[in-house]
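All remarks here apply to the structure that follows.
The values are calculated or read from the model by the stated rules, or taken from the named source; none is laboratory data. Small disclaimer: the values here were computed from a predicted structure and weren't measured. Please note: Cβ atoms are built from the backbone with ideal geometry, for glycine as well, and neighbour counts cover all protein chains shown. The area values use the complete protein model at the heavy-atom level, side chains included, leaving out ligands, DNA and RNA. Shrake-Rupley method; radii C 1.70, N 1.55, O 1.52, S 1.80 Å.
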Amino acid sequence: MQNGWFAVSNPVSGGGRGARDRGQIAALLREAGLAVELVASEYHGHTVKLAADAAQSGFRKFLAIGGDGTLNEMLNGAIASGAGEGEAVFGLVPVGRGNDWARTHRIPTRYRDAVAVLARGRAVVHDVGVAEIGVEKLRRFFINAAGAGFDAHVVEHTRDDRLGAVSYLLALPTSLLSFRAPELELRFDQQCISGKVFLAFASVNKYCGGGMLVAPRAEFDDGLFDVTVVDEVSLWELLLNLKKLFDGTLPSYRKVRTFRTRSVEISGPVPVNSEADGELIGTTPILFSLLPRYVKVVVP
């Protein structure tokens, strides 16, 4: 068993800051006295393989130097390759565009302060989401939030993601023009919601989309998703209510339904794009479930 951290730096995180600041972050890790094996990812999905190889070689402490997507890939590689329940510990030095997971856990974006959290913070348990995708039931783990519908459509059409929430907002008008709310059915706890759905989120944490507070009551260790369902909405309605996406009042909007559950299945007559932690993962049908308190994370 390896005692130190296995770290992956994503060079394209933060519009290239991952590559530009890698040396500075490595120096801060050494200065803090942390034993770290640091490598850089070379292509999309590479961190999954790097973390998987590290888990198989005995590492159980995984450090993502990047954004939500880097942390997601680290999680998937580690869990799928031997880091079992309660074994894996994850840390993050935020270099990404959205940093939604870091925002929930109040992990500083200043590198020195984030490294100090790793050195002096505490490890707490954290739920892990599982997405079983399509008829093949391909599994993908996530640690922040996942959804189907318009959010995944925007992710697909966001060309320049260096500006975080601004990138998302810039993509909204053109995405709305090409998006039609699909017929979806959500099954959970022997209940069913059906109709034209603008988007549906299954949240482990509070934020997504670069600072959007879509699940203000979500708790990361309670074994439950906070599910947010937004019914079909027009462009003008969305623009008039954008503030609700950020100020925590979204659940009070008349076209929003919320519930808490351990699992939810989303399906419909035609496949609909889905995303997890800001990364496209496939299309419906999709089943979201939870591994309660499955990993540990280092927080302030």
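See the values below:
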| read-out | value |
| --- | --- |
| Segment Y43-K196, length gained on full extension (0.36 nm per residue, minus Cα span) | 51.4 nm |
| 222 nm mean residue ellipticity, helices alone, for the chain (DSSP H n ≥ 4; -39,500 (n - 2.57); rounded to 500) | -8500 deg cm²/dmol |
| Simple Cβ-charge dipole of the chain, Lys/Arg +1 and Asp/Glu -1, about Cα centre, in debye nearest 20 | 760 |
| Given charges at beta-carbon only (K, R positive; D, E negative), |dipole| of segment 1-45 in Debye | 120 |
| C-alpha long axis of helix 165-178 to longest principal axis of the chain, angle in ° | 30 |
| Length-normalised contact order of segment 8-118 in % [C-alpha pairs under 8 Å, at least 6 apart] | 28 |
| Helix 22-31 axis, angle to the chain major axis (alpha carbon atoms, nearest 10°) | 60 |
| Accessible area (Å², per residue) of the chain, counting only protein heavy atoms and a probe of 1.4 Å | 43 |
| Total formal charge among the other residues, if their Cβ is under 13 angstrom from that of D231, Lys/Arg +1 and Asp/Glu -1 | +1 |
| Qualifying aspartates and glutamates (Cα of each under 18 Å from Cα of K255; at least 8 residues distant if same chain) | D151, E183, E185, D226, D231, E232, E237, D247 |
| Dipole in debye (nearest 20) - segment 9-70, about Cα centre, beta carbon charges: Lys, Arg +1; Asp, Glu -1 | 60 |
| Antiparallel DSSP beta bridges within the chain, as percent of all bridges there, nearest 5 | 75 |
| Nearest-ten-degree value, helix 111-120 long axis tilted from longest Cα axis of the chain | 70 |
| Among Y253, P271, F201 the positive-end extreme of the charge dipole of segment 191-293 (Cβ point charges) | Y253 |
| Fluctuation leader among A32, A54, A202 - the chain, Gaussian network, Cα springs under 10 angstrom | A32 |
| Length added when fully stretched, L291-R262, from 0.36 nm per residue minus Cα-Cα | 9.5 nm |
| L239/R187 FRET efficiency (R0 25 Å; Cβ-Cβ; nearest 0.05) | 0.20 |
| Candidates L71, L240, L213, ranked by Gaussian network fluctuation over the chain, Cα under 10 Å, top entry | L240 |
| Sequence-separation-based contact order of segment 74-153, relative, with Cα cut under 8 Å and 6+ spacing, percent | 26 |
| Furthest towards positive pole of dipole, F90, L213, I25, structure part the chain, Cβ charges | I25 |
| FRET efficiency for A80 and R110, using Cβ-Cβ distance with R0 set to 51 Å, rounded to 0.05 | 0.95 |
| Sulfur and carbon atoms: percent of accessible area, segment 70-165 [1.4 Å] | 43 |
| Total formal charge among the other residues, if their Cβ is under 10 angstrom from that of P300, Lys/Arg +1 and Asp/Glu -1 | +2 |
| Extension gain, A32 back to T283 (0.36 nm per residue minus Cα-Cα distance, nm) | 86.0 nm |
| Ranked packing of 245-254, 75-84, most packed first, by mean Cβ within 10 Å | 75-84, 245-254 |
